[in-house]
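Working notes for the structure below.
Every read-out reported here was derived from the displayed coordinates using simple, explicitly stated rules and does not represent laboratory data. Keep in mind it's a predicted model, so treat the numbers as computed, not measured. Cβ placement follows ideal geometry from the backbone for every residue including glycine, while neighbour counts extend to all protein chains displayed.
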Amino acid sequence: MAVRATWFCIDIECSGPVPSLYDMISLGAQVVVDHEDESLTLGETFYVEIVPQAPHVDEGAMKVNGLDLDALRANGSPRRQAMEQLTAWVEANTTPGSEAVFVGHNAPFDWSFVAWVYKAEGMVNPFGYKALDTKALSAGVLDLHWLDSNKEILAARLDLPDEDMGKKHRADYDAAYQALILKKLLEVQRA
């Protein structure tokens, strides 16, 4: 019997290019439920903004994400609390008998921040040490060069709506859009 997955599409926004020196300051997620009949549905969403504490800030990264560090310091969730909330949400949304799988569009980047924060907080990462990258998956499923696996090309190839540029780079919006990409890629792969 094959292991079933519950797909968790995750996007993060950060204050710079690498964990530890820079912070993960927001995290959005959406579940893609993989049913026994191999149909796929979009499930619950999750969003949290996190109090920054790393020693560096890259102004270019902050321009991209549009978040305000002072507002995050005042209103964000402490890092450990944010990860406890994410873990509880993942556990509540993992289909019984399946395994939680971290999915990202350029998963190595997002996963590295999430995995680092779990480790820094002395917590167990509910996704383990691996992640599914939709860029790599699309290269295989759609026979694309990895450099052509951007969201604009995928939107055209998978007949998805264009991204809302007013919402792009907000972690919950990006995670939801990535869930659309994953769902379509898996449907194409299974056809």
* Helix axis angle, 171-190 relative to the chain longest principal axis, alpha carbon, degrees -> 20 degrees
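At 222 nm, what helix-only mean residue ellipticity would the chain give, in deg cm²/dmol to the nearest 500, using -39500 (n - 2.57) for each DSSP H run of four or more? Walk me through the numbers on the way to the answer.
On the way: 7 runs with 78 residues, N = 191.
Per the formula, -12500 deg cm²/dmol.
Please rank 138, 149, fewest neighbouring Cβ atoms within 10 Å first, as an exposure proxy.
Final ranking by Cβ density, sparse to dense: 149, 138.
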* Structure fact -> Total charge of the residues flanking residue 109 in space, meaning their Cβ is under 13 Å from its Cβ, with Lys and Arg +1 and Asp and Glu -1, is -4
* Between the stretch 76-102 and the stretch 166-185, the Cα center-to-center distance that results, in Å -> 18 Å
* State the antiparallel share, in %, of DSSP beta bridges confined to the chain, rounding to the nearest 5. => 60 percent
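For the stretch 4-190, divide the Cα radius of gyration by the Kirkwood radius and give the resulting Rg/Rh value with two decimals. Walk me through the numbers before you get to the answer.
Numbers: Rg = 16.1 Å, Rh = 16.8 Å.
When Rh is taken as the Kirkwood radius, the ratio is 0.96.
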* Each residue of the stretch 118-127 in order: what ³J(HN,Hα) in whole Hz does its phi give by Karplus 6.51 cos²θ - 1.76 cosθ + 1.60, θ = phi - 60°, with x for Gly and Pro? -> 4, 5, 4, 8, x, 10, 7, 7, x, 9
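Taking the Cα centre of the stretch 1-59 as origin, sum charge times position over the Cβ atoms of Lys and Arg (+1) and Asp and Glu (-1), and report the length of that vector in debye to the nearest 20. Present the calculation step by step, with values, prior to reporting the outcome.
Details: 1 positive and 11 negative charges, 34 e Å.
Using only the charged Cβ atoms, the result is roughly 160 debye.
Place a +1 charge on the Cβ of each Lys and Arg in the chain and a -1 charge on the Cβ of each Asp and Glu, then give the dipole magnitude about the Cα centre in debye, rounded to the nearest 20.
Values: 16 positive and 29 negative charges, 63 e Å.
Value, rounded to 20: 300 debye.
Going down the list 63/135; 63/183; 119/184; 119/167; 63/151; 63/184, which pairs span over 28 Å between their C-alpha atoms?
63/183; 119/184; 119/167; 63/184
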